[in-house]
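See below for the structure under consideration.
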Amino acid sequence: MDEKPEIQSDVCFVVGQERQEVFAHRCLLACRCNFFQRLLGPKLGSGMPSPVVLSTVPAEAFLAVLEFLYTNSVRLHRHSVLEVLTAAIEYGLEELRELCLEFVVKVLDVELVCEALQVAVTFGLGQLQERCLAFIEAHSQEALRTRGFLELSAPALLSLLRSDKLRVDEAELVLAARSWARVGAAVLERPVAEVAAPVVRELRLALLAPAELSALEEQNQREPLIPVEQIVEAWKCHALRRGDVARGAPCRRRRGTLPREHHCFLDLPFK
């Protein structure tokens with residue numbers, strides 16, 4: 001593996017958005033990895049063939065993959081391990097994938113956990129997803145303030161909002177969901193309510209006190225986020241003083257739910 005051209009090198013990669021040139025050896029890569037065997041194919045002609053462009057993988061992650069292929073070991077770093085993990089999965093390198101997963105679990109912290117959750121959801125990494133959810137459940141308020149939270153996909157955010165173990169009050173979750181939807185709306189150039197639609201049903205509005213629900217309703221008129229019928233279902237819980245009447249609005253209290261006077265008639269304590 002060379003970062004500068006040498007006589008022995010017979011393949012050049014142009015890697016990442018920075019278009020860094022990385023020189024390597026076709027035979028070794030093809031023998032070690034089916035992905036590169038298919039990508040590179042048989043060597044044709046003499047001399048250095050045209051560069052292979054891999055624009056989606058960052059250069060640092062690609063160099064880590066090559067380090068593993070050449071040495072069967074790898075030096076991982078907290079700031080790039082998720083990119084190496086993604087590359088390992090896409091290239092079918094199971095052993096490297098396991099090394100990355102072990103490393104992620106060791107270095108998991110508030111700043112990394114939402115990004116790790118996103119990778120876990122994207123690639124169906126069940127054990128990593130469970131570890132990330134457990135970490136966020138224990139550090140909910142801190143995790144909700146990270147950039148990684150704002151960049152979660154809707155399926156990843158759903159996995160969080162369905163948890164009874166979040167240590168955060170529902171009023172804060174509503175604010176966090178609105179912030180998440182605003183970021184998504186700006187990126188996707190779509191209305192906030194449209195971006196939020198896949199996840200807002202998991203907000204437990206009946207846990208809010210009447211004054212909080214009224215304030216939410218007023219804000220919802222200015223900036224639509226939550227379907228009107230969902231707010232109506234929460235009001236119905238208050239009017240009938242029963243939690244079981246809310247078909248689409250769960251009333252289970254989370255670990256971080258702050259007590260409110262009306263919770264006594266919801267009759268759905270945290271389990």
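The values are calculated or read from the model by the stated rules, or taken from the named source; none is laboratory data. Bear in mind that the values here come from a model prediction, so they are computed numbers and not experimental data. So basically every Cβ, Gly included, is an ideal-geometry build from the backbone, and we count neighbours across all protein chains shown. Side chains are part of the model used for accessible areas, which takes the heavy atoms of the whole protein and leaves out ligands, DNA and RNA. Shrake-Rupley method; radii C 1.70, N 1.55, O 1.52, S 1.80 Å.
What helices (runs of 4 or more DSSP H) lie completely within the stretch 15-123 and have 2 or more residues being basic (K, R) and modelled with pLDDT of 95 or more?
On the way: elements: 26-32, 34-40, 59-71, 81-90, 94-107, 110-123.
By residue number, 94-107.
Residue pairs whose Cβ atoms lie under 6 Å apart, separated by 6 or more positions or on different chains, with the first residue in the stretch 146-171 and within 11 Å of Q118 (Cα to Cα) and the second charged (D, E, K, R) and modelled with pLDDT of 95 or more, are G148/E115.
Quick check: anything in the stretch 185-196 open to solvent by 30 Å² or more (accessible area, probe 1.4 Å) and among the basic types (K, R)? Yes, because at least one residue in the stretch 185-196 is open to solvent by 30 Å² or more (accessible area, probe 1.4 Å) and among the basic types (K, R).
If the condition is being farther than 23 Å from N72 by Cβ and either of a type in the set (D, E, K, R) or surrounded by fewer than 21 Cβ atoms within 10 Å (Cβ to Cβ) (or both), then the stretch 97-120 contributes L108, D109, V110, E111, L112, E115. Beta carbons closer than 9 Å, at least 6 apart along the sequence or on distinct chains, pair a first residue in the stretch 17-43 that is within 13 Å of G92 (Cα to Cα) and in contact (Cβ under 8 Å) with a residue 24 or more places away in the chain with a second that is open to solvent by 100 Å² or more (accessible area, probe 1.4 Å) and charged (D, E, K, R) for F35/E90.
Assess whether S159 counts as being of a type in the set (S, T, N, Q), over 13 Å from the mean Cα position of the chain (by Cα), assigned to a helix (DSSP H, G or I) and under 22 Å from L207 (Cβ atoms). When the stated conditions are applied, S159 does not pass them.
How many residues are in a loop (DSSP other than H, G, I, E, B) and either open to solvent by 30 Å² or more (accessible area, probe 1.4 Å) or of a type in the set (K, R) (or both) when one looks only at the stretch 131-153?
Residues of the stretch 131-153 that are in a loop (DSSP other than H, G, I, E, B), as a first pass: 139, 145-146, 151-153.
Next cut, either open to solvent by 30 Å² or more (accessible area, probe 1.4 Å) or of a type in the set (K, R) (or both) only: 139, 145, 151, 153.
Residues in the stretch 131-153 being in a loop (DSSP other than H, G, I, E, B) and either open to solvent by 30 Å² or more (accessible area, probe 1.4 Å) or of a type in the set (K, R) (or both): 4 in total.
Return the residues of the stretch 226-255 that are in a loop (DSSP other than H, G, I, E, B), surrounded by fewer than 18 Cβ atoms within 10 Å (Cβ to Cβ) and modelled with pLDDT of 85 or more; say none if nothing qualifies. Reasoning before the result, please.
Within the stretch 226-255, the first condition is being in a loop (DSSP other than H, G, I, E, B), and the residues that meet it are 226-227, 241-242, 246-255.
Retained after the next criterion (residues that are surrounded by fewer than 18 Cβ atoms within 10 Å (Cβ to Cβ)): 227, 241-242, 247-248, 252, 255.
Residues satisfying the conditions are P227, R252, R255.
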